[in-house]
Amino acid sequence: MVVLFLLNFQTNSMIAEKSIFLVDDDPTFIFLTKKLILNTKIAAKINEFSDGQQALDFLTDNLEAQDQYPDLIFLDLSMPIVDGWDFLNEYLLIEKLINKKIKLFIVSSSISPHDIERAKNYKIVADFIIKPILKEKFLEIIENLCQDDSTSGMA
Amino acid sequence: MMQLKRTPTIAWKQNNASANLFDDWNNDDMNSLLKLASVAADQATAAIAVAENGFLNFKLAGNIESISISDEFQLLANKVFIVEDLLHDIRFAAFPVIEISGPVRFFFSYPLNRGSESNRQFHLCLFHSEPKKLSKSAINLLGLVAKMGVRLLKTNKQNLQLKKNEEKFKSSKQVGKLVAKQLDQQKKFYENILNKLPTDIAVFDADHKYLFVNPGAISVKEYRKYIIGKDDYDYAEFRQRDKSTADYRREQFLRVKHTGKEIRWEDSLKGPAGNTITHLRRMFPVHDNEGKLSFVIGFGIDITDRKTMEEKQAVLVEQLSAKNIQLIDFCNIVSHNLRGPLVNMSLLVNYIEESTDTEDQILLISKLHPVIDNLNTTFNELVESIQIKQDLEIKSEHILLIDYLQSTIEGLGSIINKSGAHFEVDFDSSMSIFFPPKYLHSIFYNLLSNSLKYQSPNRSPLIKINYTKINGKALLSITDNGLGIDLIKHSENFFKIGKVFHRHPNAKGFGLYMTKTQVEAMDGKIWVESTPDIGSTFFIEFSNQ
């Protein structure tokens, strides 16, 4: 299924480049995730932020230029200054002002059920991914993203 | 021959006469009276007669037993009745023989008193075996004797009554004494219970006036006496106390009175030794059969011990839940800080294995190093913090504060030189602290390196260290002029494990967590005051100094 889709995907020049934000203070994680995305050969533009504050600053600075906004956000929980939870709370405050459809995933090495439960309280969180992001999971996310695009396009 | 002839006879007959038939008489009086009558009637036999159930009962002089005949002829009438010779009296023609302790020819009867329900009708009787004719003077004399008999009867009756009354009086007096004694014992018994009960008991009338109060409630006898019939306001005035307690109790009383229901509450008072004494108080109404309020009983039980236990328990629960939170934090940090690097390592190793390009492999291997270093540091820090929690053997010592401050500053020498930091030490070098040396060193190291790590780029670091001792406690403060922290944003997480507030390559969020753990392990407290871009002051309060 995935392979079939990939073939479609790679031959379909209509699929636009995806913009992805990686919000994580761990440079090794950033390196590995970028390598993973590169390996899938999916056209992607990747922005890196080493803490929540930097990502928030980018979003608020570009309210007038929302074409700069990502399709996907991979958000770590444990970060300096503004951690993942604080980011989510701040994000809720500016959510109304955001016109672009953004899918947000928590990507954490935490396996605490408490954190997973807590994440469910945020509607904007599409899923809670326990690190690492595996190739299959990433492709599934992209596939869903494209399906969403086509359904919303039909409507 | 005549003897053979049977003649109808009224004869002696045994009769179950009442035993007390002649009790109205004094025996001596009766004997004297009968003797007198006998003399007056020329030696005829004298007797006192009384009728009962159709029988005549006679009591003769000196005779104790009474004798009875059937009274078919109504020998006794309420008038003088004389038979001079029975044999020649037509009234007795059919029964010529009457036997009263022998055959009787002469019979005389004289009524004494008037019979009634309470009085028996007695007769003075005379009889003789020979015919007799009484002279008029003899009859008059017998009339006088009879009158005397009536008088004697009356006097005796009065005497008897008097005696009876006297006995009654005597016995009633004794019974009274006995009852009084029993009542007294009972009263003492109940009083003893009420007085010895380790509770406060007070009984109020419907107007909230004291009817009773036991020593549990008021120990001083005079005060107890005073309060009966008075209320709490009188008492407050009497004892020169303010009337807030009286106000409160009146409120409670009225609630009980108006709702008709029991109420309970707890109150705490300062005891004589300055300790707090807590009572569980109950107040309940007692109604009579018609549902009217008879009185209100109030009592209080000292529950200070229970209360103290509860408070201790609450503290323990608080400590436990704090420990639990620490444990959860710890599990999270283990899961997060250890799992993260491990995941990175395994991914990197996977890529190295898959890669065929040597240059690519070298790059991947170089990425392994920082991950391993990170893992190593995290692991060591976790081990250290576990050790603090499990270090039950750690002992406080009296040590000089300045020694540990100096050695820490020396240890941080290169960083201090690089930053050009200055220290202001504002305490006497002779001041000591009672604390584990290892912890003190660690606390100084973490707080000072924190101040240096988060120094402001706009000014060289100035760190002030202050130390004071008050009332067995010591307060250490370390003030810097560094970056400061927005406490409104971070107050909850400040000392939490893994929390980092600044972008700094070596910030891992362990230092403050460790410091807090060490301070709290020794019953101390740590808190912080901070303003962004002005600086921070860390305070540590040490107990048991």
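Only DSSP H runs of four or more residues enter the estimate; each adds -39500 (n - 2.57), and after division by the residues of the protein assembly as shown the mean residue ellipticity at 222 nm equals -14500 deg cm²/dmol. Between the listed residues B:Ile399, B:Gln319, B:Thr45, the Cα displaced farthest toward the positive end of the dipole of chain B, a dipole computed from Cβ unit charges relative to the Cα centre, is found at B:Thr45. Against the longest alpha carbon principal axis of chain B, how many degrees, from 0 to 90 and to the nearest 10, is the axis of helix B:304-333 turned? So the helix axis and the longest Cα principal axis differ by about 30 degrees. Computed from the C-beta positions of B:Asp360 and A:Glu143 and an R0 of 25 Å, the FRET efficiency is 0.30 to the nearest 0.05.
Calculate how large, on average over all directions, the projected area of the Cα convex hull of the range A:26-144 is; give the answer in nm² to one decimal. Orientation-averaged projected area of the Cα hull: 7.3 nm².
Relative to the current alpha-carbon distance between B:His422 and B:Lys395, full extension at 0.36 nm per residue lengthens the span by 6.5 nm. When all alpha carbon pairs of the range B:197-302 are counted in 10 Å bins from zero, the resulting P(r) reads 14, 47, 33, 5, 0 %. In the protein assembly as shown, a dipole from Cβ-located charges (positive for Lys and Arg, negative for Asp and Glu) runs towards its positive end, and of B:Ala521, A:Leu139, B:Tyr233 it is B:Tyr233 whose Cα lies farthest in that direction. Between A:Ile116 and A:Asn89, the contour length at 0.36 nm per residue exceeds the alpha carbon distance by 8.1 nm. Hull volume per residue, based on the alpha-carbon atoms of the range B:323-459 and their convex hull, is 172 Å³. Using the Cβ-Cβ distance between B:Ser101 and B:Gln174 with R0 = 56 Å, the FRET efficiency computed as 1/(1 + (r/R0)^6) comes to roughly 0.75. If a/c stays under 1.5 just call it rounded; otherwise compare a/b with b/c (prolate if a/b is bigger, oblate if not). Do that for the range B:373-435, with a ≥ b ≥ c from the square roots of the Cα gyration tensor eigenvalues. The shape class here is oblate. Bridging of B:Lys181 to lysines at a Cα separation below 23 Å is possible for B:Lys168, B:Lys170, B:Lys173, B:Lys196, once same-chain residues fewer than 8 apart are set aside.
Figure the gain on full extension for B:Lys438 and B:Glu311 (residue separation times 0.36 nm, minus the Cα-Cα span) and round it to one decimal in nm.
So the extension gain works out to 42.4 nm.
Measure nothing but the geometry: give the 0 to 90° angle between the long axis through the Cα atoms of B:511-521 and the longest principal axis through the Cα atoms of chain B, rounded to 10°. Computed tilt is about 30 degrees. Scanning residues 5 or more positions from A:Leu104 or on other chains, those with amide H under 5 Å from its amide H are A:Ile73, A:Ala126, with H placed 1.01 Å from N in the peptide plane. Distance between the pseudo-spin-label points of B:Ser407 and B:Ser460 (7 Å out from Cα toward the beta carbon): 2.8 nm. When restricted to Cα atoms, chain B yields an Rg and a Dmax of 59.7, 185 Å, respectively.
Could you work out, residue by residue across B:338-344, how many beta carbons of other chains sit within 10 Å of that residue's beta carbon, and then give the average as an integer?
Counting other chains' Cβ atoms within 10 Å and averaging over B:338-344 gives 6.
Of the beta bridges in the protein assembly as shown, as assigned by DSSP with both residues counted there, near 75 percent are antiparallel.
Between B:Tyr190 and B:Glu167, the C-beta separation translates, for a Förster distance of 30 Å, into a calculated FRET efficiency of about 0.30. Would you work out which of B:Phe253, B:His88, B:Ile193 lies farthest towards the positive end of the dipole of the protein assembly as shown, given +1 charges on the beta-carbon of Lys and Arg and -1 on that of Asp and Glu, about the Cα centre? The listed residue farthest towards the positive side: B:His88. Can you give the angle from 0 to 90° between the axis of helix B:27-40 and the longest principal axis of chain B, with both taken from C-alpha atoms, to the nearest 10? Around 10 degrees separate the two axes. Amide H contacts under 5 Å for B:Gly524: B:Ser543, restricted to partners 5 or more places along the chain or on a different chain, H placed in the peptide plane at 1.01 Å from N.
Taking a ≥ b ≥ c as the square roots of the Cα gyration tensor eigenvalues, with a/c under 1.5 meaning rounded and otherwise prolate when a/b beats b/c, else oblate, which class fits the range B:418-460? Judged from the Cα gyration tensor, the range B:418-460 comes out oblate (a/c at least 1.5, b/c at or above a/b).
In the range A:84-155, inverting the average of 1/r over every pair of distinct C-alpha atoms gives 13.8 Å as the Kirkwood radius. Kindly provide the Kirkwood hydrodynamic radius of the protein assembly as shown in Å, to one decimal, from all pairs of distinct alpha carbon atoms. Final number for the Kirkwood radius of the protein assembly as shown is 38.7 Å. In this simple spin-label approximation, B:Lys136 and A:Leu97 carry label points 7 Å from Cα along the Cα→Cβ vector, and these lie 15.8 nm apart.
Here, each number is a calculation from the coordinates, and none is a lab measurement. All figures in this text were calculated on a predicted structure; none of them were measured in a lab. Positions of Cβ are backbone-derived with ideal geometry, glycine not excepted, and every protein chain shown enters the neighbour counts.
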